[in-house]
Amino acid sequence: MNKLTRNLIKIIGWVLILVGIVAAYFGPIEIFVFYLFSAGGSLYYEGFRVGSFWFAVLVVMNIAYYALAAICLPAGIGHVKLRRWGYTLTHLYLWFWLGAGIWLALCLIMLIPPAMKLDLSREVLFGRMALAGVFAFIVLILLPLLVLRFYRGEKVRAAFEQHDPNPYWTERTPFPVLALLLLFAILIVGLHAAIFFQCIFPMFGLVLLGRQAVPWIALCILIVGVLMYGTARLKRWAWWGSAVFLSLLTLSTVLSFSRLRFYDIILKMDLPAYEMDFLDRMVLLHDYSLAGLFAIPLLAALGLVIASKRYFR
């Protein structure tokens, strides 16, 4: 049975490596898409540039390819070589998958009230909502729970530990701290992505755009980078700094985005006519509040800070 478990783990590892290679291959190809939408390209439309909505979406999609490669390739190698750090990283990513799934499920639930206002027959609307709900539940919640149960089994853990008895930094670091470091890394990426969405930034009841927001975004990126360093070394000042910073950022996010709908923010942005025409037809998102979308991950990070306090001595 142990040999069967090891072989299954290695098969999973090769699948992860394959997914990572495909993602790494399509990353540069996705960058070339910018040429297609730029002047002279086959998909060009007037106004496509840095700061346009679709330009920012393409940037996020490109980041997603590289992030997928950065996750799958090391995890796959850790599986094939049966390294303990591979098990720890996979465990961490699975918990993130579950947490992100719950977050996305809550965001989808918030779409139900505006969906009820769509000009569709009740039968069609309820059928589509039920289908989307079942699919979201399976992919976002049920699947990560099942995979987590598999990896938390004694046979899987033993397969990694018996083959590689040496503990690494990932094993010596408390798991909540690892999760917090992952969320900090995601926050840095998210702040960089915000620059392409016309530098949108919450400022305690206001939504800053453009040049006035850039110094604040840069300052937050710098602060998070310093906090990551201190958190990785379990420094007491990093815990206090993380608690204060995340509390202020969460409060600023709630105060700023709870006052505005998604469409209100779109109207504040200087977007091309083609994109505005497209977003005008996205009536399902017009009344959507971004407060929950952004505040929930920040609250999760703040919860991890509180939960990990005992490790910062």
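Each reported figure results from applying straightforward, stated rules to the coordinates on display, with no laboratory input. A quick note: this is a predicted structure, and the numbers were derived from the prediction, not measured. Please note: Cβ atoms are built from the backbone with ideal geometry, for glycine as well, and neighbour counts cover all protein chains shown.
What the table below lists for this structure:
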| read-out | value |
| --- | --- |
| Between helix 175-196 and the chain: long-axis angle, C-alpha atoms, 0 to 90°, nearest 10 | 30 degrees |
| Eligible lysines near K117 by straight Cα distance, threshold 29 Å, same-chain separation 8 or greater | K268 |
| Residue-by-residue Karplus 3J(HN,Hα) for the stretch 156-171, coefficients 6.51, -1.76, 1.60, Hz, glycine and proline x | 5, 4, 5, 4, 6, 6, 5, 7, 9, x, 7, x, 10, 4, 5, 7 |
| Estimated vicinal HN-Hα couplings, Hz - the stretch 51-63 in sequence order (Karplus 6.51, -1.76, 1.60; Gly, Pro = x) | x, 6, 5, 6, 4, 5, 5, 4, 4, 4, 4, 5, 4 |
| Long-range amide H partners of M203 with built H, under 5 Å | L208 |
| For K10, net neighbour charge (Lys/Arg +1, Asp/Glu -1) across residues whose Cβ lies under 11 Å away | +3 |
| Ellipticity estimate at 222 nm from DSSP helix runs (n ≥ 4, -39,500 (n - 2.57)) divided over the chain, nearest 500 | -24500 deg cm²/dmol |
| Highest-MSF residue in the chain out of G27, G78, G153 [GNM, Cα springs under 10 Å] | G153 |
| The chain: equivalent-ellipsoid semi-axes (sqrt of 5 x gyration tensor eigenvalues, Cα, Å) | 35, 25, 21 |
| Whichever lysines have a C-alpha closer than 20 Å to that of K3, once near sequence neighbours (fewer than 8 apart) are set aside | K81, K155 |
| Pairwise label distance in nanometres, L106 with R236, each label 7 Å out on the Cα-Cβ vector | 3.2 nm |
| Fully extended contour minus Cα-Cα distance, from Y229 to I21, at 0.36 nm per residue | 71.9 nm |
| Full-stretch length increase - Y45, R313 - with 0.36 nm per residue and alpha-carbon distance subtracted | 90.8 nm |
| Cβ-based charge dipole, the stretch 1-88, positive-most Cα from G41, I11, A70 | I11 |
| Label point distance in nm, S289-S247, each placed 7 Å from Cα along Cα→Cβ | 2.3 nm |
